[in-house]
Amino acid sequence: DAGVTQSPTHLIKTRGQQVTLRCSPKSGHDTVSWYQQALGQGPQFIFQYYEEEERQRGNFPDRFSGHQFPNYSSELNVNALLLGDSALYLCASSLPQHNSLHFGNGTRLTVT
Amino acid sequence: SQQGEEDPQALSIQEGENATMNCSYKTSINNLQWYRQNSGRGLVHLILIRSNEREKHSGRLRVTLDTSKKSSSLLITASRAADTASYFCATVPLGQTGANNLFFGTGTRLTVIP
């Protein structure tokens with residue numbers, strides 16, 4: 001039973017560039033959430049996708065966008081990267097009636 | 001800003017001892033959850049306690065919740081070196097169902113010395 005998988009595991013980008021991160025949810029899950037975790041901090045909610053639509057969004061600028069595909073996998077896109085976007089980006093999956101999340105191991109993004 | 005604050009920020013104990021970490025939050029909640037994160041890895045759900053519950057147990061874990069003080073504690077008994085990790089509390093706001101938007105605290109870094 002595959003858990004949540006994320007790719008790539010590490011990524012280095014330059015300021016101003018764009019990046020796409022990918023996530024496959026745990027088998028049987030249809031809801032995907034994205035979190036940003038800065039070094040030494042707790043995760044912060046970016047947004048959640050369900051039925052291919054953004055269901056809820058945290059306090060992140062429009063530079064952060066996402067997509068969910070019919071197979072429930074998801075992408076997180078960040079445009080015009082800033083140094084402050086350097087963080088661990090975590091994907092988590094669940095079912096709508098669930099109260100807890102299953103997390104992937106994240107993508108470590110470094111912006112130079 | 002994040003919903004919760006964990007205390008202490010870091011904790012170092014000997015194997016076999018108990019570890020207690022605390023979480024305070026700001027607004028009314030539906031439930032509170034604890035997660036563990038090994039270095040550089042994803043978070044793993046440990047236990048959930050609902051707002052109408054005061055105490056819950058799961059194996060070596062004991063969680064308490066005091067909604068009047070907006071605080072929770074996580075006790076790990078008979079700690080093991082494998083318990084070394086960061087521990088986060090996360091709250092689901094009152095009125096919200098499901099795991100739509102968890103508000104995570106800043107975490108407690110636990111080191112268990114063999």
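Some values worked out for this structure:
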quantity: Residue A:62/residue B:38 FRET efficiency (R0 30 Å; Cβ-Cβ; nearest 0.05); calculated: 0.35
quantity: By accessible area with a 1.4 Å probe, ligands and nucleic acids excluded, highest first: order of A:32, B:44; calculated: B:44, A:32
quantity: Carbon/sulfur fraction of accessible area - the range B:1-99, other protein chains in place, 1.4 Å, %; calculated: 44 percent
quantity: Virtual spin-label span in nm between residue B:66 and residue B:18, 7 Å along Cα→Cβ; calculated: 1.5 nm
quantity: Loop-resident sites, the range A:37-82, for GluC sites (Glu not before Pro), counting at most 15 other Cβ within 10 Å (DSSP); calculated: A:51, A:52
quantity: Portion, in percent, of the accessible area of the range A:3-78 that falls on carbon or sulfur, probe 1.4 Å; calculated: 44 percent
quantity: Residue-normalised accessible area of the protein assembly as shown, given per residue in Å² at a 1.4 Å probe; calculated: 46 Å²
quantity: Pair residue A:30, residue A:97: separation of 7 Å Cα→Cβ label points (nm); calculated: 1.2 nm
quantity: Chains A and B together, accessible area buried on both sides, 1.4 angstrom probe, square angstrom; calculated: 1800 Å²
quantity: Shielding of B:65-74 by partner chains, average beta-carbon count, 10 Å; calculated: 0
quantity: Those trypsin sites (Lys or Arg not before Pro) in the range A:1-50 that DSSP places in a loop and that have at most 12 other beta carbons within 10 Å; calculated: A:15
quantity: In nm, spacing of pseudo-spin labels at residue B:55 and residue A:54 (7 Å Cα→C-beta vector); calculated: 4.5 nm
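The values are calculated or read from the model by the stated rules, or taken from the named source; none is laboratory data. As the structure is a prediction and not an experimental result, all values here were calculated from the model. Here Cβ is always computed from backbone atoms with ideal geometry, including for glycine, and neighbour counts include all displayed protein chains. Accessible surface is based on the protein model in full, side chains and every heavy atom, while ligands, DNA and RNA are left aside. Shrake-Rupley method; radii C 1.70, N 1.55, O 1.52, S 1.80 Å.
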